[in-house]
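A.B. asks: Sharing a structure here in structure tokens format.
The values are calculated or read from the model by the stated rules, or taken from the named source; none is laboratory data. All figures in this text were calculated on a predicted structure; none of them were measured in a lab. With ideal geometry, Cβ positions are generated from the backbone for all residues, glycine too; neighbour counts draw on all protein chains shown. Side chains included, ligands, DNA and RNA excluded: accessible areas come from the protein's heavy atoms. Shrake-Rupley method; radii C 1.70, N 1.55, O 1.52, S 1.80 Å.
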Amino acid sequence: MTKVRTRMAPSPTGEYHIGHIRTLLYNWAFAKKNKGDFIIRIENTDRERYVEGATDRILDVISDYGLSWDEGPRVGGPYGPYIQSERLDIYQEHAQILLKKKAAYYCFCSEERLAKMREEQKARGVVSTKYDRLCLKLKKQEIEEKLVNKLPYVIRMKVPENKEVTFNDLITGKISISSNNIDDQVLIKSDGFPTYHFAVVVDDHLMKISHVMRGNDWIPSTPKHILLYEAFGWKMPYFAHIPNLKEMGAGKKLSKRFGAVSAREFLDEGYLAEALLNFLMFLGWNPGTDREFYSLEEFIRVFSIEKIHKTDLVAFDRDKLLWMNNQYIQKLTDEDFAQRSLKFAPVGIDKKLLIKLSPLVKSRIKKLSELRQLAGFFFEKPRVDKKMLGKNWVEHLQAAHNIIENLDSWDLENLNDNLMKKIEKKGFKTGDFFMDLRIAIAGSKFTPPINDSIVILGKEETLKRINKILSDK
Ligand code: GLU
């Protein structure tokens, strides 16, 4: 049996999308499950869309999600280089093979001529325009002259006529189209770079990729690839096209209007990588049981291509992700919670404070970026809007001050007991009393349990905050 080798082939044309991480995760898990290799290859042959620095950002974010690759940039491997711009001679060599086989030809047509040709075809009612093969008629000598004179050219594939191009997708089943609908695609562009279609086939073959698993938006490209495999006489990999993601309820691809889209943004907002991965596992796959929580190791064990959904799009349920993230946050140790929260707290905040806060906020926080909203009053004095206070606030705060000032031991039980006794004695309404205290201490009606918070805040700081409100009544 051939070794399972899967790959992810990012194009450095922008930020890595959360959907790419899902596709990568499936490829990675499938390779691991089959004791195979997972490869990363950078597809940077589109010079116009190339974004400086994107390759590093993509590789960094993949690592930050806790995923790794067996071969590829930064780690090397036996089939490198793994960056397409470093493989240009390989594509040239392979274009020559097809030229010799008469499966490809030089085309010297100018952009202007091609534009005019397309216009004319459209005017005749042709929907998908095709190259008219003018250059296929060139004689050997004419071609040589043009090459010697350094005329710009591309190399096109000579797509065979009247041929059914068929492949058996592991997910969507048999897909078949007539070669008459396929244009004589460009293989090598006039800048000497290969097109995506050409490079992807050459590299998947040379890198011994056994399974090509990618988003189903690539289905229309696959027949072009099949034709190339056939022209070279190469064995084809298995193809598995997986559903793409859509915004829940919107039926459209993920959009900034609904929240984060790039893989990095999700981490920056305080989603935990392991929660994100667990959530992504289910975007297009299901184990067929009710179980919702999987570690990566467990996922590798249960993942199979057969259980990938045969649907066009899967909904990205942002509420579900928030829920899942909270579940993972709750499971963090206090130490780990504090460590991960540090970057969401103001600079200079002592990690020890975050360790103390952890039990109070873990269950209430859906993403770590909510830390300041929920617990900001631990880091800096709150701005208190006195209009929020109830009508008996002066009495409430005076009583609280009195109790807190005279507490003999500073612990939660003692604080609770004494405040409750006072409330009873004075006949206050418990809810109103604590709401005023909460607003005075935190400036907000929504906080972690207030007595627990006071214990962490300390006697001195608590009294200062109460005094401040009382002093300008
Ligand atoms: N470079 C392509 C991309 O940006 C890879 C597509 C494929 O997996 O073949 O998604």
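A.B. asks: Evaluate the range 276-294: report whether one residue or more is among the acidic types (Asp, Glu), under 28 Å from Ile171 (Cβ atoms) and touching a helix residue (DSSP H, G or I) at 6+ places or on another chain (Cβ under 6 Å). Don't jump to the end; show me each part of the working.
C.D. replies: First, the residues of the range 276-294 that are among the acidic types (Asp, Glu): 290, 292.
When the remaining residues are screened for being under 28 Å from Ile171 (Cβ atoms), the result is 290, 292.
Pick out the ones that are also touching a helix residue (DSSP H, G or I) at 6+ places or on another chain (Cβ under 6 Å) and you get none.
Checked the range 276-294: no residue is among the acidic types (Asp, Glu), under 28 Å from Ile171 (Cβ atoms) and touching a helix residue (DSSP H, G or I) at 6+ places or on another chain (Cβ under 6 Å).
A.B. asks: Within the range 14-32, track down each residue that is charged (D, E, K, R) and either in a helix (DSSP H, G or I) or open to solvent by less than 10 Å² (accessible area, probe 1.4 Å) (or both).
C.D. replies: Filtering the range 14-32 for residues charged (D, E, K, R) gives 15, 22, 32.
Correct list: Arg22, Lys32.
A.B. asks: Let me ask another. Find all pairs meeting these conditions: Cβ atoms under 8 angstrom apart; at least six residues apart or on different chains; first residue within the range 316-330 and crowded, with 16+ Cβ neighbours inside 10 Å; second residue polar (S, T, N, Q).
C.D. replies: Met324/Asn278; Asn326/Ser363; Tyr328/Asn278
A.B. asks: Do we have Val159 as hydrophobic (A, V, I, L, M, F, W, C) and not in a loop (DSSP other than H, G, I, E, B) here? Walk me through it before giving the result.
C.D. replies: On the way: hydrophobic (A, V, I, L, M, F, W, C): yes; not in a loop (DSSP other than H, G, I, E, B): no.
Here the answer is no, as Val159 does not meet what is asked.
A.B. asks: Any residue in the range 319-329 that is of a type outside the set (A, V, I, L, M, F, W, C) and either over 22 Å from Phe266 (Cβ atoms) or assigned to a loop (DSSP other than H, G, I, E, B) (or both)?
C.D. replies: In the first step, residues of the range 319-329 are kept if they are of a type outside the set (A, V, I, L, M, F, W, C); the result is 319-320, 325-328.
Among the residues that remain, those that are also either over 22 Å from Phe266 (Cβ atoms) or assigned to a loop (DSSP other than H, G, I, E, B) (or both) are: none.
Scanning the range 319-329 turns up no residue that is of a type outside the set (A, V, I, L, M, F, W, C) and either over 22 Å from Phe266 (Cβ atoms) or assigned to a loop (DSSP other than H, G, I, E, B) (or both).
A.B. asks: Here is a follow-up. One residue is enough: does the range 140-152 have a residue meeting the conditions assigned to a loop (DSSP other than H, G, I, E, B) and either within 15 Å of the ligand (Cβ to nearest atom) or free of Cβ contacts under 8 Å to residues at least 12 places away in the same chain (or both)? Step through it out loud before you land on a result.
C.D. replies: Narrowing the range 140-152 to residues assigned to a loop (DSSP other than H, G, I, E, B): 149-152.
Pick out the ones that are also either within 15 Å of the ligand (Cβ to nearest atom) or free of Cβ contacts under 8 Å to residues at least 12 places away in the same chain (or both) and you get 149-150.
Yes, the range 140-152 contains a residue that is assigned to a loop (DSSP other than H, G, I, E, B) and either within 15 Å of the ligand (Cβ to nearest atom) or free of Cβ contacts under 8 Å to residues at least 12 places away in the same chain (or both).
A.B. asks: Would you point out the residue of the range 216-236, among those that are within 13 Å of the ligand (Cβ to nearest atom) and free of Cβ contacts under 8 Å to residues at least 40 places away in the same chain, that is nearest to Lys158 (Cα to Cα)?
C.D. replies: His225
A.B. asks: Quick check, is Ile97 in contact with a helix residue (DSSP H, G or I) (Cβ under 8 Å, 6 or more places away or on another chain), outside any loop (DSSP other than H, G, I, E, B) and within 30 Å of His17 (Cβ to Cβ)? Full working, then the answer.
C.D. replies: Values: in contact with a helix residue (DSSP H, G or I) (Cβ under 8 Å, 6 or more places away or on another chain): yes; outside any loop (DSSP other than H, G, I, E, B): yes; within 30 Å of His17 (Cβ to Cβ): no.
In short, no.
A.B. asks: Quick check on my filter: what residues within the range 13-26 are within 9 Å of the ligand (Cβ to nearest atom) and either over 18 Å from Pro237 (Cβ atoms) or touching a Ser or Thr at 6+ places or on another chain (Cβ under 9 Å) (or both)? So that I can check it myself, show each step before the final result.
C.D. replies: Just the residues of the range 13-26 that are within 9 Å of the ligand (Cβ to nearest atom), to begin with: 13, 20, 23.
Selection gives Thr13, His20.
A.B. asks: Only helices (runs of 4 or more DSSP H) wholly contained in the range 367-453 count here; list those with 2 or more residues that are in contact with a helix residue (DSSP H, G or I) (Cβ under 8 Å, 6 or more places away or on another chain), at pLDDT 95 or above and charged (D, E, K, R).
C.D. replies: Details: elements: 371-379, 393-405, 412-426, 430-442.
Correct list: 393-405, 412-426, 430-442.
A.B. asks: Okay, moving on. Condition test on Lys174, is it outside any strand (DSSP E or B), open to solvent by 60 Å² or more (accessible area, probe 1.4 Å) and either in contact with a Gly (Cβ under 7 Å, 6 or more places away or on another chain) or not polar (S, T, N, Q) (or both)?
C.D. replies: Working: outside any strand (DSSP E or B): no; open to solvent by 60 Å² or more (accessible area, probe 1.4 Å): yes; either in contact with a Gly (Cβ under 7 Å, 6 or more places away or on another chain) or not polar (S, T, N, Q) (or both): yes.
No, not satisfied.
A.B. asks: Here is a check on your reading of the model: is Val165 farther than 20 Å from Gln84 by Cβ, away from the ligand (no atom under 16 Å from the Cβ), of a type in the set (Val, Ile, Thr) and part of a strand (DSSP E or B)? Reasoning before the result, please.
C.D. replies: Values: farther than 20 Å from Gln84 by Cβ: yes; away from the ligand (no atom under 16 Å from the Cβ): yes; of a type in the set (Val, Ile, Thr): yes; part of a strand (DSSP E or B): yes.
Yes.
Per-residue answers, yes or no, for (1) surrounded by 20 or more Cβ atoms within 10 Å (Cβ to Cβ); (2) over 25 Å from Lys189 (Cβ atoms); (3) touching a strand residue (DSSP E or B) at 6+ places or on another chain (Cβ under 8 Å):
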{"site": "Val4", "(1), (2), (3)": "no, yes, yes"}
{"site": "Met8", "(1), (2), (3)": "yes, no, yes"}
{"site": "Pro12", "(1), (2), (3)": "yes, no, yes"}
{"site": "Asn34", "(1), (2), (3)": "no, yes, no"}
{"site": "Tyr50", "(1), (2), (3)": "no, no, no"}
{"site": "Val75", "(1), (2), (3)": "no, yes, no"}
{"site": "Tyr79", "(1), (2), (3)": "no, no, yes"}
{"site": "Ile97", "(1), (2), (3)": "no, no, no"}
{"site": "Lys101", "(1), (2), (3)": "no, no, no"}
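A.B. asks: Restricting to the range 200-215, name every residue that is over 24 Å from Ile18 (Cα atoms) and either within 9 Å of the ligand (Cβ to nearest atom) or open to solvent by 20 Å² or more (accessible area, probe 1.4 Å) (or both).
C.D. replies: Our first condition is that a residue be over 24 Å from Ile18 (Cα atoms); within the range 200-215, this holds for 201-203, 205-208, 210.
Scanning the range 200-215 gives His205, Leu206, Lys208.
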